[in-house]
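Encoded as structure tokens, the structure appears first; notes follow it.
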Amino acid sequence: MKNTVATLLAQKGQTKISMVTAYDYPTALIADSCGINTILVGDSLGMVVLGYDDTLSVTMDDMIHHCRAVARGAKNALIVCDMPYMSYHVSVEETVRNAGRLIQEGHAHAVKLEGGVEFVPEIRALHRASIPVVGHVGLTPQSINAFGGFKVQGKTREAAQKILDDARALQEAGAIALVLEGVPAALGAKITAALRIPTIGIGAGPACDGQVLVAHDLLGITEKSPKFVRRFADLRTSMQEAFAAFESAVKDGTFPASEHCYQVGSDDIFADIH
Ligand code: KIV
């Protein structure tokens, strides 16, 4: 089934939405073939693929490059591409231009940006330009320096009220869905019940309309993962075992074996070449 903005909206209250991150063609192809509804080309790219400590160094060109690869692999999933840090902070005009590049050059179907009521003008302008926007509230990793680390948000009554107010403001500005990250499960439930648009949680409890995980966390490739992650596989160990086995097979000469070699009828034909 082809996933679109309309099918995503229709899933609210009916069937849970699955979203995973992907940054390359093979991961997108495999996730898509498993019926994942939505693929997020997240700026977590910076941390899990490019080796940065946070997401702040990721550029528009990085996002476009990886989004194009994902778009070649995903045939049915709705592709959402993150707007990187500083691509939507300077002006409404620059925001629309940058989001337009993610759609035209990256082949994303929607863009995601982090923040609350302060980004209502940008979301309205994107909506006018027919660019679907997913909001992202709670723990917003691009604000790591302001937060002083990756910390659970909305733990006090006032902080929780602010996140709920932000969520409502984004919905009214035209956001098609919201990612809720790193908030208490009870707040995730409250926000989900208060909105007409779907919420997609990551560390926001089971009541959200959908769940998203970073692919490298759920596949067990990252060394450590946050409390809210379930590692559905242990590919880190599988990869270590495979690389180590290759290393020793090369050293002890057991690879390549005869079945990995090209043969001709008789090797005699090579006897007199010099
Ligand atoms: O960049 C990302 O992967 C994200 C998810 C954590 C939601 O924004």
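In terms of the ratio Rg/(2.2 N^0.38 Å) built on C-alpha atoms, what value belongs to the chain?
Numbers: Rg = 22.2 Å, N = 274, 2.2 N^0.38 = 18.6 Å.
Working it through for the chain, the quotient is 1.20.
What order, most packed first, do the peptides 33-44, 49-60, 141-152 have when packing is the mean number of other Cβ atoms within 10 Å of each residue?
Working: 33-44: 23.0, 49-60: 15.4, 141-152: 13.6.
Result, highest mean Cβ count within 10 Å first: 33-44, 49-60, 141-152.
Give me a comma-separated list of calculated 3J(HN,Hα) values for segment 233-241, in order, Karplus coefficients 6.51, -1.76, 1.60 applied at θ = phi - 60°, integers in Hz, x for any Gly or Pro.
Taking θ as phi minus 60°, the curve returns 8, 10, 5, 4, 5, 4, 5, 4, 5 Hz for segment 233-241.
Got a sec to turn the phi values of segment 15-27 into Karplus ³J(HN,Hα) couplings, 6.51 cos²θ - 1.76 cosθ + 1.60 with θ = phi - 60°, whole Hz, x for Gly and Pro?
Karplus values, whole Hz, x for Gly and Pro: 10, 5, 9, 9, 9, 10, 7, 8, 10, 8, 4, x, 5.
From the phi angles alone, apply the Karplus equation (6.51, -1.76, 1.60; θ = phi - 60°) to segment 103-112 and give each ³J(HN,Hα) in whole Hz, x where the residue is Gly or Pro.
Coupling constants for segment 103-112: 7, 6, 9, x, 6, 6, 9, 8, 10, 10 Hz.
Any chance you could look up the accessible area of Thr222 with a 1.4 Å probe, heavy atoms only, rounded to 10 Å²?
About 30 Å², ignoring ligands and nucleic acids.
With every protein chain present, what accessible area does Asp267 have (1.4 Å probe, heavy atoms only), rounded to the nearest 10 Å²?
Here the residue's solvent-accessible area equals roughly 100 Å².
Cys261 versus Asn76, label points 7 Å from Cα toward the beta carbon: distance in nm?
4.5 nm
Quick one: which residues, 5 or more positions from Leu78 or on another chain, have an amide H under 5 Å from its amide H? H modelled 1.01 Å from N in the peptide plane, none for Pro or chain starts.
Asn3, Thr38, Ile39
Per-residue ellipticity at 222 nm for the chain, helices alone: DSSP H runs ≥ 4 residues times -39500 (n - 2.57), over residue total, nearest 500 deg cm²/dmol? Could you put the intermediate results ahead of the total?
On the way: 11 runs with 108 residues, N = 274.
Counting only the DSSP helices, I get -11500 deg cm²/dmol.
Residues with beta-carbon under 12 Å from that of Arg72, excluding Arg72: net charge, scoring Lys, Arg +1 and Asp, Glu -1? Walk me through the intermediate numbers first.
Details: positive: Arg68, Lys75; negative: Asp24, Asp32.
Spelling it out: positives minus negatives among the neighbours equals 0.
Could you work out the local net charge near Arg101, counting Lys and Arg as +1, Asp and Glu as -1, over the other residues with Cβ closer than 14 Å to its Cβ? It would help to have the intermediate numbers written out before the result.
Values: positive: Arg68, Arg97; negative: Asp61, Asp62, Asp82, Glu93, Glu94, Glu105.
Combined, the nearby Lys, Arg, Asp and Glu give -4.
How big is the accessible area of His107 in square angstrom, nearest 10, if you roll a 1.4 angstrom probe over the protein chains?
Number for this one is 90 Å².
Please work out whether segment 1-136 counts as rounded, prolate or oblate from its C-alpha gyration tensor, where a ≥ b ≥ c are the square roots of the eigenvalues and a/c under 1.5 means rounded, while otherwise a/b larger than b/c means prolate and anything else oblate? Please report the intermediate quantities before stating the final value.
On the way: a/c = 1.71, a/b = 1.17, b/c = 1.46.
Judged from the Cα gyration tensor, segment 1-136 comes out oblate (a/c at least 1.5, b/c at or above a/b).
Measure out, as a whole number of angstrom, how far apart the alpha-carbon centroids of segment 125-191 and segment 85-123 sit.
Cα centroid of segment 125-191 versus Cα centroid of segment 85-123: 16 Å apart.
Given H placed on each backbone N at 1.01 Å, which residues far from Ala22 in sequence or on other chains put an amide H within less than 5 Å of it?
Amide H neighbours of Ala22, under 5 Å, 5+ apart: Leu40, Val41, Gly42.
Top to bottom by accessible area (1.4 Å), largest first, where do Glu94, Glu181, Glu259 land?
Details: Glu94 75, Glu181 25, Glu259 140 Å².
My answer, sorted largest first, is Glu259, Glu94, Glu181.
The values are calculated or read from the model by the stated rules, or taken from the named source; none is laboratory data. Owing to the predicted nature of the structure, the values given are computational and were not obtained by experimental measurement. Backbone-built Cβ (ideal geometry, glycine too); neighbour counts: all protein chains shown. SASA here: full protein model, heavy atoms, side chains in, ligands and nucleic acids out. Shrake-Rupley method; radii C 1.70, N 1.55, O 1.52, S 1.80 Å.
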